[in-house]
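Report on the following structure.
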Amino acid sequence: LSRVYSQKGDAIAEYVRERRIFAPIDEVPELVKNAFISAEDKNFYSHPGVDAVGIAKAVTRFAVARASGQSARLSGASTITQQVIKNFLVGNERAIERKIKEIILASRLEETLDKDLILELYLNEIFLGQNSYGVAAAAQTYFNKSLDELAPHEAAMLASLPKAPGEFHPVRGKERLLERRNYVLNEMFQNGYLSEAAYTSERAKPLLSVQ
């Protein structure tokens, strides 16, 4: 981390390889939690660490593609718990062996930690583009705000980023990011986290960020 200060001692620029700000789970607003759960794993608080139906579909797609001679990667159906395991322990390699390890370790993690602590690990480790890791750092990077200052459409934008942080840039990939943000807002509405009036209002907001 490198900072540039003015003659008065005010920080005027900052250069980092990885921007991180730890946010304890009890300091993360419900709005932010609900946005990420809606975007990534709407059954997070009810499943045992894995989504059996989603995994079966992913394995079937992989097997069909391999059987037809196509190049295939095993992807999809990862719960938040599995993503924590991937980020901390097994890495990003898309192979059947990695997926099996991920499933086994996710089940064990659920037996060891409660859901809130797993969510805390996820929200503080997830890469959200622009050298930002975790929701608190990303809120500052994209909006120059703290987590409790975010509006629903801003929380939904942050929750859109894990899917493709390199592609969902707020300037270069604005249209794709806007589409994904509105999808997340709809999921928040469908899951009961936003009223219909709030959903309609937030969906109409422009996609704005510091960038």
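The values are calculated or read from the model by the stated rules, or taken from the named source; none is laboratory data. Just so we're clear, the structure is a prediction, and the values are computed from it rather than from any experiment. In this analysis, Cβ positions are derived from the backbone assuming ideal geometry, glycine residues included, and neighbour counts consider all displayed protein chains. Note: areas computed on protein heavy atoms with side chains; ligands, DNA, RNA excluded. Shrake-Rupley method; radii C 1.70, N 1.55, O 1.52, S 1.80 Å.
Over the stretch 109-148, average the accessible area per residue using a 1.4 Å probe and give it in Å², no decimals. Please report the intermediate quantities before stating the final value.
Numbers: 1610 Å² over 40 residues.
I get 40 Å² per residue for this part.
Expressed per residue, the C-alpha convex hull volume of the stretch 130-211 stands at 86 Å³. Of the trypsin sites (Lys or Arg not before Pro) found in the stretch 75-160, those in coil by DSSP whose Cβ has at most 16 other Cβ atoms within 10 Å are 94, 145.
Within the set 115/174; 99/174; 101/145; 86/115, which residue pairs have Cα atoms separated by over 27 Å? Result: 115/174; 99/174; 101/145 exceed 27 Å. Only Lys, Arg, Asp and Glu carry charge here, each on its Cβ (+1 for the first two, -1 for the last two); on that basis the stretch 75-174 has a dipole of about 480 debye about its Cα centre. Within the stretch 125-164, list the residues whose amide N lies under 20 Å from a label point set 7 Å along Cα→Cβ of residue 64. Zone members listed by number: none at all.
Within the same chain, aspartates and glutamates fewer than 8 places from residue 163 are excluded, and of the rest, those with a Cα less than 17 Å from its Cα are 40, 41, 93, 125, 154, 175, 179, 187.
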